[in-house]
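To start, the structure under review is shown below, and the notes come after it.
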Amino acid sequence: MEIKITSDQANQRCDRFLRKFCKPYPQVRLSDIYSRIRKWTITVNWKKTKEEYRIIEWDIINLPEECLWKKDKKLILTQKEKKFQKLDPNLVKSRIIYEDDNRLVFNKPAGIVIHPSNKHRNDLCMNDYLERYCEKNWIIKDTKNQTFKPSFWYRLDKDTSWVLIAAKNYEALQYINEIIRERAISKEYLTIVAWKFPKHLIIDKAIEKTYNSKFDRAQMQLNESDWLDSKTECRLDKTYKHPQLWDISLVKVKLYSWRMHQIRIHLSSENFPVLWDLIYWKPALNRIVYKSLHIQRQLLHCHKYQFKNLDGKNICFQAELPEEFKLIK
């Protein structure tokens, strides 16, 4: 079998490409791939290759037919098909804000994870939404020879609603990874915090990543002496009088560094906790939030995402305000 490398498949290690290519064949182990490369039964352009060789466009990988055994549909499709049965195509389409040749933009709701994990293995995730939409609209045309699949550029908290962007081709994915590294993206958040917030506040406090055994997850803590510099700018939008919660404030937030849980730990350190923040504030406040508003998610929403496109023009995506934010008036 000859596999002709396309632009979406190029610029990755040979062994990683073959591992993805052989994914529909669960019987093919990674050790089998390494063994056949070393024995020259797998070649590139009919020449001996190495596992770490980075394939380029127009390369031809020669893969013996006997390497690929019959697909075991029971092993690889049952769980996915069960999850896809829960997906309403109209619901998937309604989550999409924008689409062009390079990207898909979703309005991610709170309460759904980006990728499957041990804790959410059987739950629908945003990756399922993306894959289902791509299959229905023929974005993934040839699953056998297509090792690149549309994928999201970044990860998010389950309970944070967000503008979520997926790359539809490898060039778009490379570009966004580059501007993320260069901090050339502007993100604007909205959050609702306890108490009356000042008109303008800049929080510049270093934080570090730790582990919380109570919640069995990573979390952040302040460390002014020696850790990651972190800067958050906040501006008051409105302050509300609430009969049970007293003063609560709608705040616009801009990040100058992208640390895990940065907004939540910074606001908590200034005694303006994000409502329903289970990790960085006292549970008594969250009980009041639930009883008075029936809300069980942290009130944090990234509603605007802006950056320069490949052609140099500014591009901006904005998500509609979630219903939980509209309840507080």
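The values are calculated or read from the model by the stated rules, or taken from the named source; none is laboratory data. Worth saying up front: this structure is predicted, and the values here are computed from it rather than measured. Ideal geometry is used to build each Cβ from the backbone, glycine not excepted, and the neighbour counts take in all protein chains shown.
Values for this structure:
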quantity	calculated
Residue match in the range 91-102 (condition: at pLDDT below 85 and either hydroxyl-bearing (Ser, Thr, Tyr) or out of contact with any Phe, Trp or Tyr (no Cβ under 9 Å at 6 or more places or on another chain) (or both))	no
Failed criterion for Val253 (all others in (1) crowded, with 17+ Cβ neighbours inside 10 Å; (2) within 27 Å of Glu208 (Cα to Cα); (3) free of Cβ contacts under 8 Å to residues at least 60 places away in the same chain hold)	(3)
Residue that is farthest from Glu320 (Cα to Cα), among those in the range 88-130 that are assigned to a helix (DSSP H, G or I) and without any contact (Cβ under 8 Å) to a residue 24 or more places away in the chain	Asn90
Selection from the range 287-315 of residues that are closer than 13 Å to Gln244 by Cα and either assigned by TED's automatic domain parsing to the domain that holds Ser161 or touching a residue at least 12 places away in the same chain (Cβ under 8 Å) (or both)	Ile288, Val289, Tyr290, Lys291, Ser292, Leu293
Selected residue (criterion: surrounded by the fewest Cβ atoms within 10 Å (Cβ to Cβ)) from residues of the range 221-250 that are within 28 Å of the chain's Cα centre (by Cα) and part of a loop (DSSP other than H, G, I, E, B)	Asp229
Single residue of Thr239, Thr191 found to be out of contact with any Phe, Trp or Tyr (no Cβ under 7 Å at 6 or more places or on another chain), modelled with pLDDT of 90 or more and in the same structural domain as Asn309 (by TED's automatic domain parsing)	Thr191
Residue in the range 34-53 that is surrounded by the most Cβ atoms within 10 Å (Cβ to Cβ), counting only those that are under 14 Å from Pro64 (Cα atoms) and touching a residue at least 24 places away in the same chain (Cβ under 8 Å)	Ile42
